[in-house]
Amino acid sequence: FVTQMESISYVFGPVARFDAIDGNRVPAPHWYRVGEASYTWCCLVSHLRIWETALNDGVISLLIFEDDAVFCDDFCKRAATFMENVPKDWDQLYFGGHHVPDSIPLRVNEHVYRPEATWRTHAYAIRGEFIKTLYSHVIAFNSEDRFPNPGAYHVDHQLAALMRDPSVH
């Protein structure tokens with residue numbers, strides 16, 4: 001991924017690299033049962049750690065790329081066009097994703113869709129008070145007593161659930 005970053009004309013400001021939590025070293029809680037639990041748990045807590053760091057440091061916006069993100073041809077040009085067409089009051093953006101099968105995205109304009117629910121956390125941006133909202137949602141989501149099977153949700157599924165929460169909009 002670092003090689004990819006060096007090969008494009010990245011225009012979004014300074015880059016900070018965060019080491020992910022290692023699924024070989026950090027076990028998932030006993031109640032977190034999804035896929036290869038230690039890896040999906042570590043993905044989740046890696047995102048939490050980035051958000052915590054941003055909140056602690058007073059960062060007002062972040063663009064997160066996971067290490068397996070792959071840039072499309074002309075990424076920076078396409079991203080700039082996308083950003084020019086995004087509504088000014090955005091809280092969260094996806095630079096790629098997968099619409100949840102039963103969801104219906106709303107077309108905002110030629111370059112932007114507002115998802116009803118989207119999976120994937122390989123490339124997304126968050127900003128402002130929404131960083132706290134997202135963090136609080138995911139922390140609450142991951143409690144043993146919240147759902148009959150709370151471990152059935154990857155971090156991206158938790159973000160999709162937040163998109164569908166009417167109290168957030």
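The values are calculated or read from the model by the stated rules, or taken from the named source; none is laboratory data. Everything numeric in this text was worked out from a predicted model, so none of it was measured. Counting neighbours? That spans all protein chains shown, and the Cβs are built from the backbone with ideal geometry, glycine included. Ligands, DNA and RNA are excluded from the accessible area calculation, which covers all protein heavy atoms including side chains. Shrake-Rupley method; radii C 1.70, N 1.55, O 1.52, S 1.80 Å.
Taking (1) modelled with pLDDT of 95 or more; (2) assigned to a helix (DSSP H, G or I); (3) over 22 Å from residue 59 (Cα atoms) in turn, residue 160 satisfies each apart from (1). Quick one: in segment 114-147, of everything that is open to solvent by less than 20 Å² (accessible area, probe 1.4 Å) and touching a helix residue (DSSP H, G or I) at 6+ places or on another chain (Cβ under 7 Å), which residue is modelled with the lowest pLDDT? The extreme case among them is 141.
Just one residue in the set 48, 44, 62, 55 is open to solvent by 40 Å² or more (accessible area, probe 1.4 Å) and out of contact with any Phe, Trp or Tyr (no Cβ under 6 Å at 6 or more places or on another chain); that residue is 55. Within segment 78-89, residues that are farther than 8 Å from residue 111 by Cβ and of a type outside the set (Asp, Glu) have Cβ atoms under 7 Å from residues that are open to solvent by 50 Å² or more (accessible area, probe 1.4 Å) and assigned to a loop (DSSP other than H, G, I, E, B) in these pairs: 78/72; 80/11, counting only partners at least 6 apart in sequence or on another chain.
Taking into account only those residues within segment 89-113 that are open to solvent by 50 Å² or more (accessible area, probe 1.4 Å) and farther than 28 Å from residue 48 by Cβ, which is farthest from the chain's Cα centre (by Cα)? Among those residues, the one meeting the criterion is 110.
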